[in-house]
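Visitor: The following block contains the structure, expressed as structure tokens.
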Amino acid sequence: MRILLTGAKGQLGQCFKDRLPENWELIATDSQTLDITDEAAVLNMVKNFQPDAVVNAAAYTAVDKAESDHDKAFAVNADGTRNLAVAAQAVAAKFVHVSTDYVFSGHAKNPYSEKDAPEPTGIYGKSKLAGELLALSANPNSMVIRTSWVFSEYGNNFVKTMLRLAKERDTLGVVDDQIGNPTYAGDLAQAIIDALQLPTFPTGLYHYCGDKTVSWCDFARAIFQTAQQKDPAFPVPVTNGIATSAYPTPASRPPYSVMSCDKIKSHGIKVSDWQAALGQIIPKL
């Protein structure tokens, strides 16, 4: 299988490259080698490479900066996604696009399903929702996967931040009124690879995230517990739960980001075991 991957230097992109089946051919691009907002450049690369699938792991993810950088956020997350979907359609390729829990307001009481109406509250979420809609309308052979709380051994993420702060402070305050499901980027990458190999490619909207719901504070405690299990000398700080209001940000965060993964599991795809993943990656960090 021939794959064109965007966002190759991000968490998901790097995990995807690590797990690529040996007999697959890959062109891995980043913002320097392919500007997805350039419609002509995208179409030219796709037509020249003739991929069987285009996997879009590229995104404008600066949630707070997006509030004052509307045009760039929409250019990448909406226009860029449409350009890739249109180009994939031109060569009859499958299209996989990764979206976010931020398309929801976070005011639900039960896990969000793919049938629930999106209601993004910030520019980032609105731009990602626009990308979803453009992908699905431009290419009927699109699979849009919403995920949440992504971490990995690559890039900057919550796990790395907590490990660093634990070595700098005896006490930490971590938000405990935001609830969600951590997702290991390696598990998400494998899920995409598995989906591409199914006899019938699963098109439409799907949710994919971790198998256990926690607050950010609970997640931090799980990180510290795992780190100490791997290294008894690891300094575990006192971790206190705090309210989101204690840390005002330009963009609001969904207080409830729990998503149901029943639909993707019905295809035989396993959700992320984020606790096992912590045990695998923390010794490497």
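The values are calculated or read from the model by the stated rules, or taken from the named source; none is laboratory data. Because the structure is predicted, anything quoted here is derived from the model rather than measured. FYI the Cβ positions are ideal-geometry reconstructions off the backbone, even for glycines, and counts take in every protein chain you see.
Visitor: Looking at this structure, is residue 138 farther than 24 Å from residue 14 by Cα, of a type outside the set (Val, Ile, Thr), touching a Lys or Arg at 6+ places or on another chain (Cβ under 7 Å) and in contact (Cβ under 8 Å) with a residue 24 or more places away in the chain? Walk me through how you get there before you give the answer.
Guide: On the way: farther than 24 Å from residue 14 by Cα: yes; of a type outside the set (Val, Ile, Thr): yes; touching a Lys or Arg at 6+ places or on another chain (Cβ under 7 Å): yes; in contact (Cβ under 8 Å) with a residue 24 or more places away in the chain: yes.
For residue 138, the condition - farther than 24 Å from residue 14 by Cα, of a type outside the set (Val, Ile, Thr), touching a Lys or Arg at 6+ places or on another chain (Cβ under 7 Å) and in contact (Cβ under 8 Å) with a residue 24 or more places away in the chain - is met.
Visitor: For the stretch 224-237, does any single residue satisfy the condition of being at positive phi and not hydrophobic (A, V, I, L, M, F, W, C)?
Guide: Within the stretch 224-237 (the criterion being at positive phi and not hydrophobic (A, V, I, L, M, F, W, C)), the answer is no, since none of the residues qualifies.
Visitor: Among the residues of the stretch 207-263, what is the count of those that are among the aromatic types (Phe, Trp, Tyr) and closer than 12 Å to residue 149 by Cβ?
Guide: 3
Visitor: With the requirement that a residue be in a helix (DSSP H, G or I) and under 17 Å from the mean Cα position of the chain (by Cα), what does the stretch 242-274 give you? Give the derivation first.
Guide: Looking only at the stretch 242-274, we keep the residues that are in a helix (DSSP H, G or I), and these are 244-246, 262-265, 274.
Across the stretch 242-274, the qualifying residues are 264, 274.
Visitor: While we're on this one: When the stretch 165-206 is examined, which residues are found to be part of a loop (DSSP other than H, G, I, E, B) and either surrounded by fewer than 24 Cβ atoms within 10 Å (Cβ to Cβ) or of a type in the set (A, V, I, L, M) (or both)?
Guide: Hits for the stretch 165-206 are 169, 170, 176, 177, 178, 197, 198, 199, 200, 201, 202, 203.
Visitor: While we're on this one: Return the total of residues in the stretch 161-189 being among the hydroxyl-bearing types (Ser, Thr, Tyr) and over 21 Å from the mean Cα position of the chain (by Cα).
Guide: Result for the stretch 161-189: 1.
Visitor: I've got another one for you. Among the numbered criteria (1) hydrophobic (A, V, I, L, M, F, W, C); (2) surrounded by fewer than 17 Cβ atoms within 10 Å (Cβ to Cβ); (3) more than 29 Å from residue 105 (Cα to Cα), which one does residue 158 miss?
Guide: Single failed check for residue 158: (3).
Visitor: While we're on this one: Tell me which residues, restricted to the stretch 251-284, are touching a residue at least 40 places away in the same chain (Cβ under 8 Å) and charged (D, E, K, R).
Guide: 253, 262, 263, 270, 273, 284
Visitor: Condition (residue is farther than 17 Å from residue 278 by Cβ, part of a loop (DSSP other than H, G, I, E, B), in contact with a strand residue (DSSP E or B) (Cβ under 6 Å, 6 or more places away or on another chain) and modelled with pLDDT of 95 or more) applied to the stretch 207-224: is it met by at least one residue?
Guide: Start the filter on the stretch 207-224 by keeping residues that are farther than 17 Å from residue 278 by Cβ, which leaves 207-208.
The next check asks that each one be part of a loop (DSSP other than H, G, I, E, B); those that pass are 208.
Narrowing further to those that are in contact with a strand residue (DSSP E or B) (Cβ under 6 Å, 6 or more places away or on another chain): 208.
From what is left, the residues that are modelled with pLDDT of 95 or more are 208.
Within the stretch 207-224, one or more residues are farther than 17 Å from residue 278 by Cβ, part of a loop (DSSP other than H, G, I, E, B), in contact with a strand residue (DSSP E or B) (Cβ under 6 Å, 6 or more places away or on another chain) and modelled with pLDDT of 95 or more.
Visitor: If you check every pair at least six apart or on different chains, which have Cβ atoms under 9 Å apart with a residue in the stretch 44-66 that is surrounded by fewer than 16 Cβ atoms within 10 Å (Cβ to Cβ) first and a residue that is among the polar types (S, T, N, Q) and in a loop (DSSP other than H, G, I, E, B) second?
Guide: 64/249
Visitor: Tell me yes or no: at least one residue of the stretch 238-250 is in contact (Cβ under 8 Å) with a residue 24 or more places away in the chain, within 21 Å of residue 184 (Cβ to Cβ), touching a helix residue (DSSP H, G or I) at 6+ places or on another chain (Cβ under 7 Å) and of a type outside the set (Ser, Thr, Tyr).
Guide: No.
Visitor: Next question, about the same structure. Between 106, 125, which is at positive phi and either without any contact (Cβ under 8 Å) to a residue 24 or more places away in the chain or out of contact with any Gly (no Cβ under 8 Å at 6 or more places or on another chain) (or both)?
Guide: On inspection, the qualifying residue turns out to be 106.
Visitor: Could I ask something else about it? Given the conditions (1) surrounded by fewer than 16 Cβ atoms within 10 Å (Cβ to Cβ); (2) closer than 21 Å to residue 219 by Cβ, report the number of the one that residue 149 does not fulfil.
Guide: Condition (1) is where residue 149 drops out.
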